[in-house]
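A.B. asks: I'd like to ask you about the structure that follows.
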Amino acid sequence: MSEETLQRENKLEGVGASRKRKEDARFIRGQGSYVDDIKLPGMLFGAIVRSPYAHARIKSIDKSKALKVPGVVAVLTADDLKPVNLHWMPTLGSDVQAVLADKKVWFQLQEVAFVLATDRYTAADGAEAVEVDYEELPAVVDPRKALAADAPVIREDIADKDNVGHGPRTHPNHIFTWEAGDKAGTDAVFASAAVTVREEILNPRVHPCPLETCGCVASFDKVRGQLTVYMTSQAPHLVRTVVAMLSGIPESKIRIVGGDIGGGFGNKVPVYPGYVAAIVASIVTGVPVKWIESRIDNISTTGFARDYHGIGELAADSNGRIKALRFSALADHGAFNAHVSATKLPAGLFSICTGSYDIPKAYCRVDAVYTNKAPGGVAYRCSLRVTEAVYLIERMIDVLAQKVGVDKAEIRRRNFVKPEQFPYTTALGWTLDSGNYHVALDKVLKAVDYDGLRAEQAAKRASGQLMGIGISTFTEIVGAGPTKVCDILGIGLFDSCDIRVNPTGSAIARLGTMSQGQGHATTYAQIIATELGLPSEEIQIEEGDTDKAPYGAGTWGSRSTPVGGAAAARAARKIKDKAKKIAAHLLEVGERDLEWDVDRFRVKGNPAAAKTMKEIAMAAHTSNLPDGMEKGLDATEYYDPPNMTFPFGAYVCVVDIDKYTGETKVRRFYALDDCGTRINPMIIEGQIHGGLTEAFAVAMGQAVPFDDNGNHLGNSLMDYFLPTSVETPKWETDFTVTPSPHHPIGAKGVAESPHVGGIPCFTNAVVDAFAHLGVTHMDMPHTSFRVWQHCKSLGVNKR
Amino acid sequence: MAKKQAVSFKLNGKDVDVVVEPRELLIHTLREKLQHTGPHIGCETSHCGACTVDLNAMSVKSCTVLTVQCEGACVLTIEGFAQSGELHALQESFHLDHALQCGYCTPGMITRAYRLLKENPNPTEEEIRYWMAGNLCRCTGYQNIVKAVQSAARKLSSAAAA
Ligand code: FES
Ligand code: FES
């Protein structure tokens, strides 16, 4: 490439540039516009009265004292919502959920009444003054007890239903059983296998806990019949559809506005009772109503993740070559099936559990049950149930390595899908589009001097010290997804982009996705810049306002780049096709005589004869166009991906454990990610730092614990572990590039890989520190106390 | 409801007067009465640091301070950092070093880092990590925040030397 061409290309700041973020300018000045920053004239504040019990009947609710508090305007209960049929709402998991408790409460801190007052202090006073009389019922807390013959029935409202959207139910507390693969064939391989291993592996209940909690401002204009809701939503269009279904307001009169969102990580995908209560309250009062969740309510009631009680089994030959996989999980979905999943995939993408390995036979099964805990099952910085799946396989391959006595890196090499096998269809039906696993692993092992580490570990073990080396070579599945397999409430999970190029060559693009810190305003502009040859600086990106953006399923499951990014590239290509016709017309040559050169079409063999995209943009708005061509330079793309994308990576974690305190120190964490084409390396690295830190949090400290009566035992930031700068390790990042063959620019998505791949890497490191003592598994979280207990039970810390 | 009280203090160099209930927290006064929505609320229990402001030359979590305690005080929030359109070195380095993602922790982080660099203009990485531990970030993993504080420290000390 000539110096001049390179200069023009650099000026675009397109794909591959570590372009500084456009969104920072407002945030560093404190000028972000988060939902709690919104203040509308006459706005009331809503506070929720919550249940102290996990399971109880409501005998009565007395509002009278609350209504006497000066400034309290109204107190809404299920009975008030009933006449407008808004006391229940549909969930994203084909179930229904009580907006305000209807005669019963099903989990602790459930929403019972909504107090409206002139400000947040008065609303809290009012909520304190509401008197609710309960009759406590026995609670089901442990999902393993939910299906017992004598277990209390949690959902009496659907006790007579033999199906809640995902196949037959076998017990009033059973939600669904979902399976994939060849059971008989898999069982047969297990029956005759040289080696089999089995482990019970828990992904405990955790919470994504973004720094900003959930909230909204609902504003109903009675005269126009229009509802506007400013809210913390990762999926504004899906919310609009749910609100339309629920309220009967035409969808065209509902506007959902995302604004700036203080992190989501899956917490902000579902529709929560607080949003609906605020909407109803605004419809009833005719003034705007704000509801902002407290931190304790956030951790306790909206969008928990995981609670997957798994059993992993592998069958292999004596060299550790895996012959079959059999995984199952008992899924605790809480009191309502508000699990976010595609309709046809009630256990999400759990069947990616064959990982990066060539496994001839596989079978997996998930049973979901109701318990008296908060509803949810969101994907915490992952695609639906991918963390659970990857955790199982990445743990089990280590268990197998220990059983057959093969090194943990070597056993992966022996089982990897080989580069020449791609596209590779797994035994559970996914077609992995691309991958290059051996290269990634070898690069990482070399970088950390794996052999040296193993030698050091052997020496440490000989002197009684605990050092662990964890490996994770994961394959993710992201970018939901092809509409033939993925829909929510019947709506396909496509995404969209609408680009308008202005006469002077700047452009605005609107997408159906929704940034929560990922930097979309920066990166989407880079994709369009490269496609159109217009500087990214002059490309404005807008998301989140359903009145402006085309319909899309939002940002979760790393779907923005795979689906939204693809839509952006393809919309730009439609524009480019038209631009080429205009260029040919202006240059008086045939289209075939033109070639693309960074930011212009030029005549082959005569580079001086050229029209830049900017010149073409102007021409598109004049009369000088080919005969019959429409004016303007716009395009919209609704992109339905042909397949998911499969980012992968190889991670190594080294830990040193103090056997006297149980303290686990992460000495080194080396993460190599392959997310295909890299749009903005700076942002990718930032996403990986953040994802690894969240993986560290989950593996080393997070859990939402309960007692036997369903009472929370740790739901504030006093107890719930969010790592600070002191305990967070330093991250080393690396990459390989294996583009996705079916994505328009070869990109795969990256934000979730470090979380998904990181969690097993930490656990593998901790377990590896004890492997020489015969330990094959330890459940998360690996807090100092739990690790110390482990040391104690093994007797390794006697002085 | 207890009787409201008048409170006067300096906010980013300007005199402000408010009338508040004795129980009102500074973060709510700043955000709801004084339109300073830069400091955020992440917990209201003093754990996250999103609400950090500088009060009489000390970092405080403004969700744990009563407004009535601020009579006569000097309060600095993120809104007071840029001077006549010029960004503060910390604001600039947070941008250049990609030390923010969702931006929710950023005002508190910058305000805390400001106090750190006042007390210790050349902190080591360990000192930065220790000093910033009261401010949680869920997005960045802190590595670039540490980097940004180091860059700002360098910039400020070379400016001071010049
Ligand atoms: S809101 Fe003040 S410390 Fe979290
Ligand atoms: S940038 Fe999102 S919490 Fe720090």
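Bear in mind that the values in this text are calculations on the coordinates, not laboratory data. Computed from a prediction, not measured in an experiment: that's the story for all the values here. Reconstructed Cβ throughout: ideal geometry from the backbone, glycine too, with neighbour counts over all protein chains shown.
A.B. asks: Report the local net charge at residue A:684: Lys and Arg +1, Asp and Glu -1, summed over other residues whose C-beta lies under 13 Å from its C-beta.
C.D. replies: Its environment carries a net charge of -1.
A.B. asks: What ³J(HN,Hα) values, in whole Hz, does the Karplus curve 6.51 cos²θ - 1.76 cosθ + 1.60 give for region A:351-360 when θ = phi - 60°, with x put for Gly and Pro?
C.D. replies: 6, 7, 5, 7, x, 8, 10, 8, 10, x
A.B. asks: Could you work out [θ]222 nm for chain A from helices alone, using -39500 (n - 2.57) per DSSP H run of at least four and dividing by all its residues? Round to the nearest 500 deg cm²/dmol.
C.D. replies: Here the helix-only value at 222 nm equals -8500 deg cm²/dmol.
A.B. asks: Could you check what % of the DSSP bridge pairs in region A:223-338 are antiparallel, to the nearest 5?
C.D. replies: In region A:223-338, approximately 70 percent of DSSP beta bridges are antiparallel ones.
A.B. asks: Another question, then. Where does the charge balance sit around residue A:656 when Lys and Arg score +1, Asp and Glu -1, over other residues with C-beta under 11 Å from its C-beta?
C.D. replies: Taking every Cβ under 11 Å from that of residue A:656, the sum is +2.
A.B. asks: Mind checking the alpha-carbon convex hull of region A:259-315 and giving the volume per residue in Å³?
C.D. replies: Spelled out: Cα convex hull of region A:259-315, divided by residues, is 130 Å³.
A.B. asks: Quick check: Cα centre of region A:1-37 to Cα centre of region A:697-722, how many Å?
C.D. replies: Measuring centre to centre over Cα atoms gives 39 Å.
A.B. asks: Stick to the Cα atoms of region A:643-724, pair each with every other, and give me the Kirkwood hydrodynamic radius in Å at one decimal.
C.D. replies: Mean inverse Cα-Cα distance, inverted, gives 15.8 Å.
A.B. asks: So which trypsin sites (Lys or Arg not before Pro) in region A:302-351 pass both tests, a DSSP loop state and at most 14 other Cβ atoms within 10 Å of the Cβ?
C.D. replies: A:344
A.B. asks: Using bins 5 angstrom wide from zero, how does P(r) for region B:89-161 break down, in % of all Cα pairs?
C.D. replies: 3, 19, 33, 28, 12, 4, 1, 0
A.B. asks: Given a cut-off of 28 Å, what percent of all Cα-Cα pairs of chain B lie beyond it?
C.D. replies: 21
A.B. asks: What does the helix-only formula give at 222 nm for chain B: each DSSP H stretch with n ≥ 4 adding -39500 (n - 2.57), the total divided by the residues, and the result rounded to the nearest 500 deg cm²/dmol?
C.D. replies: Theoretical 222 nm ellipticity from helices: -9000 deg cm²/dmol.
A.B. asks: Another question, if that's okay. Just rank A:382, B:51, fewest to most, by other beta-carbon atoms within 10 angstrom.
C.D. replies: B:51, A:382
A.B. asks: While we're looking at this one, here's another question. Which of the trypsin sites (Lys or Arg not before Pro) found in region A:101-156 are loop residues per DSSP with 14 or fewer other Cβ atoms within 10 Å of their Cβ?
C.D. replies: A:103
A.B. asks: Would you work out which of A:247, A:436, A:769 lies farthest towards the positive end of the dipole of the protein assembly as shown? Charges go on Cβ: Lys and Arg +1, Asp and Glu -1.
C.D. replies: Of the options given, the answer is A:769.
A.B. asks: Under 26 Å Cα-Cα from residue A:460, which lysines qualify once same-chain neighbours fewer than 8 residues away are excluded?
C.D. replies: A:403, A:408, A:443, A:446, A:659, A:665, A:730, A:792, A:798
A.B. asks: So how do A:615, A:128 line up by other beta-carbon neighbours within 10 Å, fewest first?
C.D. replies: A:128, A:615
A.B. asks: Compute the separation of the alpha-carbon centres of region B:3-27 and region A:51-121 and state it in Å as a whole number.
C.D. replies: The two parts, judged by their Cα centres, are 34 Å apart.
A.B. asks: Now, a different point. Pull up the DSSP beta bridges for the protein assembly as shown and report the antiparallel fraction as a percent, rounded to 5.
C.D. replies: 80
A.B. asks: Another question about this same structure. Rg and Dmax of region A:547-676, Cα atoms, in Å?
C.D. replies: Looking at region A:547-676, its Cα Rg and Dmax stand at 24.5, 83 Å.
A.B. asks: Report the Cα centroid-to-centroid distance between region A:385-448 and region B:113-131 in angstrom, as an integer.
C.D. replies: 42
A.B. asks: Restricting to Cα atoms and excluding each atom paired with itself, what does the Kirkwood estimate give for the protein assembly as shown in Å?
C.D. replies: 29.3
A.B. asks: Would you list A:206, B:20 from fewest to most Cβ contacts within 10 Å?
C.D. replies: Sorted ascending by nearby Cβ count, the order is B:20, A:206.
A.B. asks: While we're looking at this one, here's another question. For region B:5-80, what are the per-bin percents of Cα-Cα distances with bins 5 Å wide, up to the bin holding the maximum?
C.D. replies: Going from the shortest bin to the longest, the percentages are 3, 19, 32, 30, 14, 3.
A.B. asks: Can I ask one more? Which loop trypsin sites (Lys or Arg not before Pro) in region A:219-304, with loop taken from DSSP, have no more than 10 other Cβ atoms within 10 angstrom of their Cβ?
C.D. replies: When the trypsin sites (Lys or Arg not before Pro) of region A:219-304 are filtered for loop state and at most 10 Cβ neighbours within 10 Å, A:224 remain.
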